[in-house]
Each structure stands twice: as C-alpha cells, then as structure tokens.
Amino acid sequence: MQSKALSLPVPARRPGAAAFHWMTILLLGLAFAIAQTLAAQARGTPDSFADLAAKVSPSVVDITTTTTVAASADDNTPMVPKGSPFEDFFKDFMDQNGKPRPRRSQALGSGFVISEDGYIVTNNHVIEGADDIRVEFKDGDHYDAKLVGTDPKTDIALLKIDAGKPLPFVSFANSDNSRVGDWVLAVGNPLGQGFSVSAGIISARDRALTGTYDDYFQTDAAINRGNSGGPLFNMDGQVIGVNTAILSPNGGSIGIGFSMASNVVSKVVDQLRKYGETRRGWLGVRIQNVTPDMAEAMGLPKAAGALITDVPDGPAKDGGLKAGDVIQTFNGKPISDTRELVKVVADAAEGQKVPVVVFRDGKTLTLDVTLGRRETSEDDGGDKTPKPATKPEPKEQKLLGMTLSPLTAEMRDKLGLTPEAKGIVIIGLEDSSEAYSKGLREGDLITEAGQAPVGSIQDLQDRISEAKDAGRKSLLILIRRNGDPRFVALSVK
C-alpha cells in the first residue's frame, strides 16, 4: 500500500494577489523595525554616548585648590651634620629660626558651570579651607575662582569666575523624574586625569549617608577621587546629581557611587547665589518615627508620620503643637517618616505660615505654624517648660517588667534633674522583659503614658487599665534619658 502525500486546498487568488501579499509582509516588517527603534529610544538605550559627552563636556571644569598647612610642632626635623651637602637642601624647608616652614597643599576636584556669567557648582569638601581656587576648562582656559557660599550640610559650594565672555553651561533637571535603571553619565577629573567620562545606570534612589538633608542617587557609573563636585547627567544632558562620595574598601570605584539629587542642590544653589548662605525653615520639635506598636497604642490606622517627643520654645510651641502629636501632613504634603518631615520643613521659607495636620487624642487637627530659620535657631532639644513637682510616693512597684520608684529628692540629685522634673524612675528591669529589649534602662524617667502626664506609679497603673479597657494591645510611654525624650510602646496584654 503506497502512502499518499497530504494535499491541502489552495485558495484561489486574483491576479496580483501574490505581489500584494509580499508587500503586506514588507510593510509589517518595516513597522516592526520602527516600533523596535522607538521602543529602544523610549528606554533611553543609546548606541553611543559620544554626542552627549561632546555636548556637556565644555561646561565641566577641573578644580585645583591650594591650602597653606601650618607646620606641626611634632614634625620631625631631619638632622644633618654642618657642612653636609644636604645642609642647603634642608634649609629650604626651614624658616630663619630653624623651624619647619608652613607648606602648600593641593587638592583636585570637579565642578560644572550653571550660568553663562560664570557661576560654578562643586562640593564643599573640594574647596573647604582653600586659599586659592583655580578652575580649568576642557579647551585649556583657566581662571581664578571666588567662593560665593557653602552648605556643609549638603556638601555643596558655589563659586564664581569672571571669564569676560559668555560661558557654556548646563541646567538642572527635576531629579524626581529620574528612575532606577535610567542611563546616566558622569563627567569629571578622577585621580587628576581630567575630563573623563563614565556611563552607568541609577542603581537606587533616596539614599542617606550621614547628613540631615541627604537625598542621594546611587549609581554604578565609575566615580573616583577627583570626581567630587562633578555632574551626573541624564540622557538629555541635564544635571540630575552632584557626584559626592563612593563606597569602597580600597578607595577606588567598585560601582557604588553617590550623587546628591539635583532638586536638593538647586534649592541650595539658589539660596547661596541670592544670600551667600542657606536659609532653611525651622519648626522646632524633636521627633521620632512611628512604629506599628506605637500606632496601635495611639489608635493610628497605620504606622506613618512623625511623632513629636518634645516641643521647646519656638515656632511649633507658638503654633500649638504638643508632645505626643503625630504630624501627618506639612504644608499639604503627606509625611511618611521623620526624614520626610525634615526635608519638607527645610524646603519651606523662613517666616512662612504653613498648615500642619496632626493626630491627637484619636482625631486630626490642623494648626497654622509660622516657621523660624534653622541656621539662627537655638538647639531645639530639651524640654524648657517648667513642670510642677509632686509629692513622692512611699514605695516601689513592679509593672510591665520594670521596677518603678517615685521621684525622690535623692534620685533627682543622682540623675541630675531639676526640682521641677516630674515622673517615675525605672530602678530595675527584668532582662527578659519587653521594656529591656526595647532599650529602656535603669535611671530612665517615665513622664507620660497613654499621652497623659505621669506623676506617680498610680498614674501609670491607671493608664494601663485604660488601655486594656479600650481594647488596646500596647501603651505608649514617654521616657527621658539625660534630658532626651523618646517614645516606646509596651504591651499591656
């Protein structure tokens, strides 16, 4: 039996149908190629960075600073025999009294021009303490620069040169629009090599290092010593960050670099340019983050906001804010944590009246606060409000794993408390207790519980009972240690 080939019916075609068929395929292929090209462009994946580098490099400068370093009294002066051929050589390093002469030290960094009239941005640590600052452009032009102002808190400095001609410059981008994974280009003076370009991506956003106002991009674009103060560009040639620091065990790039976000930098630069100094808003509170158990103890729907632990004399006190309030929005902006509050307060202007929404006693309340100026304010720590004294209780008692005592005159002296101080003292703790695990220690002074003052052990017992009756699992208590306040939520179940 022979097998038969399978035959399929072939549809009839009109004359020219084959040509139409292949034309359709070609058009579809062309449309697909165009779509792929547009998709690649949308992703910002470049074939080369050459055009971008050529566009932005003329606005980037190398910075050389010279500093006079005083000779140390501990410097070891080399001793040579009189008449030695080295005697004249060592005299060059000594003054007329035979002491080591002050020496000149040089440092290198980077910067970039932000206006045609010669304003230049760099890092504060690049020019800090410098006697002379010199900038050099890629075309070889070089100028002496004057320091306009600095902001050590963000490590930003503003310089000015007089070039006698319009200069190429770059502008700041809105750094909030930059995303993790976006391509970036770093240009600077790594290790003194000058006008070096490196590419990478944004590895992470919103990094904090050690500063109060930190908002860094993390990037894997190669950044080394000498890159400090240089720009980090997006693919449109706009500055999204100022290269400031690296994380490295050996001092060289391992792909973890940090650039201060342009939205922070541009605000600082505007103030330095206008005033020669920064002028940040000041609220005048001590704050801490809200933990889930604190939120439960206060009846908050979620653990968010900034919990006020202390309100000394200042704008917040004048505006009616109190310890125990949770700031939920500031000037219309939601507050997720203490870091967010610090940033938005700093962005506000001195003397500005802002609405502050707080959570207090189970409900929200809006208060208007007129801000002060951070740079001229006194330390906003410590409770300066006198509190009435109470009669000490006669005995000790154990509650929530803590051994508590009334505040006696002897304890006031021992703890360095004023006669006006009020509260109960922790004089013992069980090592296995929740209080101990959350950092409470002997000598801590409990001043509030359930956001109400505590002047006696009975007060604390009453707050515990109230929390249980309300069905709460935790009780929020306020302790002071060496004058510093802190809230802690302890389980009452």
Problem - Check on E350, assigned to a loop (DSSP other than H, G, I, E, B), touching a strand residue (DSSP E or B) at 6+ places or on another chain (Cβ under 9 Å) and either at pLDDT 90 or above or farther than 27 Å from T376 by Cβ (or both) - result: no
Fill in the blank from the handout: The condition from (1) part of a strand (DSSP E or B); (2) under 20 Å from V56 (Cβ atoms) that D139 misses is numbered (1)
Exercise for the section: Inspect all residues belonging to the range 466-483 and state whether any of them is touching a residue at least 40 places away in the same chain (Cβ under 8 Å), in a helix (DSSP H, G or I) and surrounded by fewer than 20 Cβ atoms within 10 Å (Cβ to Cβ). Expected result: no
Completion exercise
The number of residues in the range 439-465 that are touching a residue at least 60 places away in the same chain (Cβ under 8 Å) and part of a helix (DSSP H, G or I) is 5
Exercise for the section: Would you check if N227 is crowded, with 21+ Cβ neighbours inside 10 Å, touching an Asp or Glu at 6+ places or on another chain (Cβ under 7 Å) and modelled with pLDDT of 85 or more? Expected result: no
Exercise for the section: Would you mention how many residues in the range 225-272 are among the small types (G, A, S) and in a loop (DSSP other than H, G, I, E, B)? Expected result: 10
Fill in the blank from the handout: With the first residue restricted to the range 311-327 and required to be on the phi > 0 side of the Ramachandran plot, and the second required to be surrounded by 23 or more Cβ atoms within 10 Å (Cβ to Cβ) and assigned to a loop (DSSP other than H, G, I, E, B), Cβ contacts under 6 Å at 6 or more apart or on different chains are G314/G284
Completion exercise
Being more than 21 Å from H125 (Cβ to Cβ) and touching a residue at least 24 places away in the same chain (Cβ under 8 Å) narrows F169, F217 down to just F169
Fill in the blank from the handout: Of those in the range 147-189 that are of a type in the set (V, I, T) and not assigned by TED's automatic domain parsing to the domain that holds A204, the residue farthest from R207 (Cα to Cα) is I161
Handout entry: Test: A489 is in a helix (DSSP H, G or I) and either modelled with pLDDT of 90 or more or over 16 Å from V425 (Cα atoms) (or both)
Key = no
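The values are calculated or read from the model by the stated rules, or taken from the named source; none is laboratory data. Everything numeric here is computed off the predicted structure, so don't read it as measured data. Because the Cβ atoms are built from the backbone with ideal geometry, glycine has one as well, and the counts that use them run over all protein chains shown.
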